[in-house]
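Here the structure is laid out as structure tokens; the discussion comes afterwards.
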Amino acid sequence: MPQSNSPPGWGISRQGTGASHRNPSRIQSWVTGSAPAVQQADNEFTPDNYSIYHLEWSDLKAWLEAKFPGLQLPDRKKVNKDAYVFDIPRKLNADDKKKIAAMRDEIYHRKEEAAAAAAAGPGGRPPNNPQGANNNARQRVRSPERPRRDY
């Protein structure tokens, strides 16, 4: 009878440390190896993700659908933290991710150039700016109540 460390009447028993290894049905999976993998059907997909950084879902969706003919991704994006999540026939490899990054950078730079051209106004000149050449440059304004420190 196994050793009992529980109060009488509780019916809880405890096995010794090596007892579980004596019974082959209880051997850990890391000892015997995992169960044989089940062959996946051709129509099953695997989840994968890609960073949202400067990338529109519509651009990534179009690239993936061109990469995997017959793939229909939803119009609504699924996001987990800062990455798009999608189901595709196989995981993206490093080469695929480099191609997506190159596409993302090209689209981003094209949008920046278009925004700069639109901000330049007619004739390609920047509009008159009475406050200086750079509207985005902000100077720190000191509160009048706060005295200036002398070091």
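Readers should treat all values here as calculations from the given coordinates under stated rules, not as data from a laboratory. Here the structure is a predicted model, which is why all the values come from computation and not from measurement. In this analysis, Cβ positions are derived from the backbone assuming ideal geometry, glycine residues included, and neighbour counts consider all displayed protein chains.
For Ala101, project a label point 7 Å along Cα to C-beta. Then give me every residue of segment 51-82 with its amide nitrogen under 17 Å of that point.
The answer is 51-56, 60, whose backbone nitrogens lie closer than 17 Å to the label point.
Can you give the Kirkwood hydrodynamic radius for segment 46-119, in Å, rounded to one decimal and based on Cα pairs?
Roughly 13.2 Å, rounded to one decimal.
Just list whichever of Lys91/Lys111; Lys67/Lys98; Lys61/Lys81 have alpha carbons separated by over 20 Å in the model shown.
In this structure, Lys91/Lys111 lie more than 20 Å apart at Cα.
If R0 is 22 Å, what FRET efficiency do you get for Lys91 and Tyr53 from their C-beta distance, rounded to 0.05?
Step by step, r from the Cβ atoms, then E = 0.65.
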